[in-house]
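K.L.:
Attaching a single structure in structure tokens format; questions to follow.
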Amino acid sequence: MRIGIIGTGYVGLVYGAVMSGYGHSVICMDKDADKIEVLNSGKSPIYEPGLGPLLEQGLGTGVLSFTTDIARGIQASEVIFIAVGTPSGPGGEVDLSSVLETAETIGKHMNESKIIVSKSTVPVGTNKQISRSIRQALERRGLNYPFEVASNPEFLRQGKAVADCQQPSRVVIGTDTESARMTLERLYSCYDRTIVPFLFTQPETAEMIKYASNAFLAVKISFANELALLAEKVGADVQEVVAGMGMDDRISPSFLDPGPGYGGSCFPKDTLAILDTGQRNGEPLLVIQAAVTANEKQKARMVGRIKDALSADGNLAGKNVGILGLSFKPETDDIRNAPSHDIIEGLLDSGAAVRVYCPEGMKQAKRSWPELNPGIRYCSNELECAEEADALVVVTEWNQFRELAWNDVRGRMRNDHLFDLRNMFSRDQAVRGLFQYHAVGMAGA
């Protein structure tokens with residue numbers, strides 16, 4: 001099939017590359033000329049394992065192309081995916097301006113019947129707004145091309161997005177028409193229906209499934225983090241607590257790992273968005289609100305713990321702190337809403353000198369954190385980050401940190417505090433014995 005994808009971020013780019021690998025002819029469109037130039041050279045502007053080879057394969061065989069000529073891409077496509085950003089507004093509401101601008105652009109340039117598919121994460125009711133924007137643009141042209149709009153939310157995990165796209169946990173399609181359903185079934189015939197479950201539903205339900213899924217996972221993370229804080233007070237080991245909970249298949253162990261709080265491009269934005277939807281409809285979502293509040297508390301508590309260990313009065317002037325990991329999770333370069341930002345901000349505000357190292361996140365941080373960068377020294381490796389440090393803080397659980405020569409790391413440091421905010425070394429006595437070790441959710445550690 002001839003597929004057009006408008007937006008080449010984490011979602012659009014991965015879907016485009018994977019769908020081209022299944023033999024579809026894919027045109028990825030974006031207004032960012034610099035990004036399109038990079039993509040046409042065969043390079044990826046984002047770090048995502050497995051993406052590079054798919055780009056090279058698609059470009060090499062001619063089934064994948066990238067362009068800033070959005071009008072041409074629209075006219076050449078049977079099915080058009082909208083995969084543009086939906087950032088949070090100042091009150092947590094979703095900014096739909098890019099989505100609706102894209103819909104209007106489709107209406108301005110479509111030249112025949114089209115199926116339009118919303119991949120962007122959008123509030124309930126957005127499909128109707130997309131339809132309205134397209135229809136109004138067509139009416140201004142004096143045309144009446146038939147089109148259908150479907151909702152097909154993505155459930156990609158950054159760092160595993162390629163694998164998730166190749167074998168998704170489920171495919172959710174929201175449409176009111178049989179023809180759109182049949183078209184998307186044909187598009188996704190590459191998936192084995194005995195392995196990948198499909199759910200066909202109304203657009204409004206599909207839109208809500210995405211928000212409900214992310215909000216529930218955020219609730220699980222905040223729940224584990226609050227248990228961790230309580231465990232420290234009562235002498236329990238939170239890792240064993242959540243392990244015991246996870247043995248119950250009604251609960252499952254997924255997303256019950258305590259840490260410095262959730263981050264990324266989805267959970268913070270999507271929890272605020274569904275809270276805003278609840279408020280607008282007179283139905284406050286108290287559990288999700290509690291999860292958001294707990295997440296902010298968790299990040300602040302991590303900063304407070306570091307300050308308490310390094311200073312009697314919370315003043316960190318003259319103290320050096322090294323941060324290991326900036327991305328919100330390992331195997332991605334995405335630093336959007338990452339806990340590392342708030343932790344670094346709190347340390348800088350308290351007077352600390354901060355060094356950082358992250359395998360993939362530093363390029364994005366340098367570009368996205370102008371308010372923090374004057375106080376940050378970016379390092380080329382972990383040992384440089386540890387130089388003369390009074391404390392090291394593991395914020396992201398990159399696997400390469402497990403393989404460090406921790407004796408050498410300790411030898412570079414001025415003091416011996418290790419704050420393991422991911423509990424990577426909670427069972428590693430050899431590492432723990434080198435430091436004053438601080439874990440999350442373990443009394444006395």
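Every number here is computed from the coordinates shown, using simple stated rules; none is lab data. Given the structure is predicted, the values throughout are model-derived calculations rather than measurements. Heads up, the Cβs are rebuilt from the backbone with ideal geometry, glycines too, and the neighbour counts pull from every protein chain shown.
K.L.:
Could you work out the pair-distance distribution P(r) of the stretch 131-248 from its alpha-carbon pairs, with 10 angstrom bin width and percents rounded to whole numbers?
P.N.:
Going out from 0 Å in 10 Å bins, the stretch 131-248 shows 11, 27, 26, 19, 10, 5, 2, 0 percent.
K.L.:
Using DSSP, restrict attention to beta bridges with both residues in the chain and report what percent are antiparallel, rounded to the nearest 5. Don't jump to the answer; show the numbers that get you there.
P.N.:
Details: 3 of 48 bridges.
Of the beta bridges lying entirely in the chain, close to 5 percent run antiparallel.
K.L.:
Where in the stretch 275-373 are there GluC sites (Glu not before Pro) that are in a DSSP coil and have at most 15 other Cβ atoms within 10 angstrom of their Cβ?
P.N.:
On the way: sites: GLU296, GLU331, GLU345, GLU360, GLU371; in loops: GLU331, GLU360, GLU371.
Passing sites in the stretch 275-373 are GLU371.
K.L.:
Also, quick follow-up: If amide H atoms are built 1.01 Å from N in the plane of the peptide, which residues on other chains or at least 5 residues away come under 5 Å of the amide H of VAL393?
P.N.:
GLY322, ILE323, LEU324, PHE419
K.L.:
Which value results when the Cα radius of gyration for the stretch 278-366 is divided by 2.2 N^0.38 Å? Display every interim value, and only then the final one.
P.N.:
On the way: Rg = 16.0 Å, N = 89, 2.2 N^0.38 = 12.1 Å.
Taking the Cα Rg and dividing by 2.2 N^0.38 Å, one obtains 1.32.
K.L.:
I would also like to ask the following. Using θ = phi - 60° and the Karplus form 6.51 cos²θ - 1.76 cosθ + 1.60, what ³J(HN,Hα) does each residue of the stretch 110-121 get, whole Hz, x for Gly and Pro?
P.N.:
Coupling constants for the stretch 110-121: 5, 10, 6, 4, 9, 9, 10, 10, 8, 9, 4, 7 Hz.
K.L.:
Hey, if you drop one equal point scatterer on each alpha-carbon of the stretch 61-211 and run the Debye formula without solvent, what base-10 log of I(q)/I(0) do you get at q = 0.15 Å⁻¹?
P.N.:
Log10 I(q)/I(0), no solvent term: -0.83.
K.L.:
Under the definition of Cα pairs under 8 Å and six or more residues apart, what whole-number percent is the relative contact order of the chain? Don't jump to the answer; show the numbers that get you there.
P.N.:
Values: 870 pairs, mean separation 52.1, N = 445.
So the answer I get is 12 percent.
K.L.:
Moving to a separate point now. Please list the helices of the chain that count as membrane-span-like by this rule: a mean Kyte-Doolittle hydropathy of at least -1.0 together with Cα atoms stretching 20 Å or more along the helix axis, each helix being a complete DSSP H run. Write down the numbers at each step before the final one.
P.N.:
Numbers: long enough: 126-141 (23 Å, -1.48); 203-234 (47 Å, 0.46); 286-310 (36 Å, 0.03).
Once both thresholds are applied, what remains is 203-234, 286-310.
K.L.:
Only Cα pairs under 8 Å and at least 6 apart count here; give the relative contact order of the stretch 99-144 as a rounded whole percent.
P.N.:
Numbers: 30 pairs, mean separation 27.1, N = 46.
Value for the stretch 99-144: 59 percent.
K.L.:
Going by amide H atoms built from the backbone, whose H comes under 5 Å of the H on ILE116, apart from near neighbours?
P.N.:
Residues meeting the amide H criterion: ILE80, GLU148, VAL149, ALA150.
K.L.:
Going by Cα centres, the stretch 129-203 and the stretch 373-445 are how many Å apart?
P.N.:
About 45 Å separates the Cα centre of the stretch 129-203 from the one of the stretch 373-445.
K.L.:
Can I ask one more? Under a point-charge model restricted to the Cβ atoms of Lys and Arg (+1) and Asp and Glu (-1), what is the dipole moment magnitude of the chain relative to its Cα centre, in debye to the nearest 20?
P.N.:
Numbers: 45 positive and 55 negative charges, 101 e Å.
My answer is approximately 480 debye.
K.L.:
Can you pull out the trypsin sites (Lys or Arg not before Pro) in the stretch 158-210 that DSSP calls coil and that have at most 13 other Cβ atoms within 10 Å?
P.N.:
Counting only loop positions with at most 13 other Cβ atoms within 10 Å, the trypsin sites (Lys or Arg not before Pro) in the stretch 158-210 are ARG170, ARG193.
K.L.:
With an 8 Å cut-off on Cα pairs and a minimum separation of 6 or more residues, tell me the relative contact order of the stretch 136-243 in percent.
P.N.:
Working: 88 pairs, mean separation 26.4, N = 108.
Across the stretch 136-243, relative contact order equals 24 percent.
K.L.:
Do the sum for the chain: with -39,500 (n - 2.57) for every DSSP H run of n ≥ 4, divided by all residues, what is the mean residue ellipticity at 222 nm, to the nearest 500 deg cm²/dmol?
P.N.:
Values: 17 runs with 196 residues, N = 445.
Helix contribution divided over all residues of the chain: -13500 deg cm²/dmol.
K.L.:
Report the antiparallel proportion of the DSSP beta bridges in the stretch 2-201 as a percent, rounded to a multiple of 5.
P.N.:
Values: 2 of 28 bridges.
The antiparallel fraction comes to roughly 5 percent.
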